[in-house]
1. Grab the helices (runs of 4 or more DSSP H) fully contained in segment 1-100, keeping just those with 2 or more residues being under 20 Å from residue 137 (Cα atoms).
2. State which residue pairs qualify: first residue surrounded by 17 or more Cβ atoms within 10 Å (Cβ to Cβ) and inside segment 103-115, second residue modelled with pLDDT of 70 or more and in a loop (DSSP other than H, G, I, E, B) in any location, beta carbons under 8 Å apart, and separation of 6 or more residues or different chains.
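The values are calculated or read from the model by the stated rules, or taken from the named source; none is laboratory data. Remember, predicted model here, so these are calculated numbers, not experimental data. Please note: Cβ atoms are built from the backbone with ideal geometry, for glycine as well, and neighbour counts cover all protein chains shown.
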Amino acid sequence: MHLEYLFYILLFIVALLYSSVGHGGASGYLALMAFFSFAPETMRPTALLLNIFVSFTAFIQYYRSGHFRWQLFWPFALASIPAAFIGGLIVVDAKLYKTILGVLLLFPVVRLGGLKFNEDKNKKEQVLLASLIIGGLIGLLSGVIGIGGGIILSPVILLLHWANMKQTAAVSALFILVNSLAGLAGLFTKGFDFRPEMVWMIVVAFIGGLAGSYLGAMKFDGGLLKKVLAVVLLMASVKLLFA
């Protein structure tokens with residue numbers, strides 16, 4: 001019972017910290033579920049469900065703060081939505097699933113661990129074809145693994161200098177939302193069990209997401225907490241890759 005309480009406390013913290021940077025938190029939820037020995041067939045739909053609620057709250061807060069750019073968002077989404085649906089139809093071997101997830105967890109480790117992007121550098125024009133290719137690849141991976149793809153999209157946008165941090169967070173939040181919906185739709189066609197405990201997980205993650213997205217859209221940094229989360233994710237990555 002004490003472990004169950006610990007799980008929900010950690011779930012709240014993960015949702016808060018991820019939503020503060022415009023992410024739905026699926027990679028964090030998956031890492032948490034891996035620590036608590038959830039089965040892969042339960043991890044994917046649960047992470048996508050939590051993603052939907054948390055990324056929605058994050059998007060609303062960033063949108064209301066005026067950071068969202070439709071022109072930046074739509075090329076990624078156009079390719080990623082159908083790709084995420086197809087990814088949701090794909091069932092991979094449990095060992096391969098854990099290996100891919102372990103590698104993907106390294107993205108938020110770098111992001112939350114304090115990687116700095118030079119926002120003073122001149123912004124560059126977004127390239128449509130590149131955006132479509134990037135969106136499609138991330139969307140497919142999102143559906144297969146059960147993430148929204150924001151942990152991959154965010155650093156790509158920032159490294160290409162197509163937007164600043166707040167604009168990237170706003171676009172990533174909606175990108176995660178539509179990919180999670182598409183991936184879950186793909187899963188629905190295959191069928192999965194909706195477990196009663198998922199309701200409590202959604203409630204806890206939603207509250208954490210509300211708090212985090214509000215703070216993130218303002219001036220919340222939470223540097224130390226994010227570094228702690230990065231260490232936890234790194235441990236989960238090592239466990240998944242080498243256990």
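1. 26-35, 40-64, 70-89
2. Every condition considered, the pairs that remain are 104/147; 108/23; 111/21; 112/21.
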